[in-house]
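The values are calculated or read from the model by the stated rules, or taken from the named source; none is laboratory data. Just so we're clear, the structure is a prediction, and the values are computed from it rather than from any experiment. With ideal geometry, Cβ positions are generated from the backbone for all residues, glycine too; neighbour counts draw on all protein chains shown. For the accessible areas, the whole protein counts, side chains as well, though only heavy atoms, and no ligand, DNA or RNA atoms are used. Shrake-Rupley method; radii C 1.70, N 1.55, O 1.52, S 1.80 Å.
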Amino acid sequence: VEDMVTPQCCVCRTDEGRLVEGLREAMLETVVPRGASDRVMVVLGEHAGRVGRILEREPGKNRALVQLERDEAGRVVPLDYDAICHYVGGGEDD
């Protein structure tokens, strides 16, 4: 997702770099990374906008245990797959 035009409509960039406008949430699917310790962004709920690392996946429950970055308590929260997406942005040191 490149930009949110309205709360219901966004602009996305494809893997090939093409911009697609006018997409609604129902047209999108979150991407949960498959690698160990992959970074995700929380997109729904009280932690929306936070970045964290997947510690464990619970495929039978469609959720993952995520340790939130920049959290002094080092909280680990269970989050539904629909509430997280693969994060490819900058790191904490950027």
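Run the numbers for LEU19 and ASP38: contour at 0.36 nm per residue of separation, minus the present Cα-Cα distance, in nm.
4.3 nm
Evaluate E = 1/(1 + (r/R0)^6) for ARG70 and MET27, where r is the Cβ-Cβ distance and R0 equals 25 Å; express this FRET efficiency to the nearest 0.05.
With a Förster radius of 25 Å, E is 0.20.
For region 39-86, take the convex hull of the Cα atoms, compute a quarter of its surface area, and give me that in nm², please.
The directionally averaged projection comes out at 2.9 nm².
Where in the chain is the longest stretch that carries no trypsin sites (Lys or Arg not before Pro) classed as loop by DSSP and with at most 12 other Cβ atoms within 10 Å?
35-69
Decide, for region 1-53, between rounded, prolate and oblate: order the square roots of the alpha carbon gyration tensor eigenvalues as a ≥ b ≥ c, take rounded if a/c falls under 1.5, and otherwise choose prolate if a/b is larger than b/c, else oblate.
oblate
How about region 17-94: which GluC sites (Glu not before Pro) there are in a DSSP loop, with at most 13 other Cβ atoms within 10 Å of their Cβ?
Within region 17-94, the qualifying GluC sites (Glu not before Pro) (loop, at most 13 other Cβ atoms within 10 Å) are GLU29, GLU46, GLU72, GLU92.
7 Å from Cα along Cα→Cβ at both HIS86 and MET4: what's the point-to-point distance in nm?
If labels sit at HIS86 and MET4, their model points lie 2.2 nm apart.
How long is the chain along each principal axis, judged by its Cα atoms, biggest number first, in Å?
38, 35, 26
Using a Gaussian network model of the chain whose springs link C-alpha atoms within less than 10 Å, name the residue from LEU55, LEU19, LEU28 with the highest mean-square fluctuation.
Per the Cα network of the chain with a 10 Å cutoff, LEU19 tops the list.
Accessible area per residue for the chain in Å², computed with a 1.4 Å probe and the full protein assembly in place, what is it?
That works out to 72 Å² for each residue.
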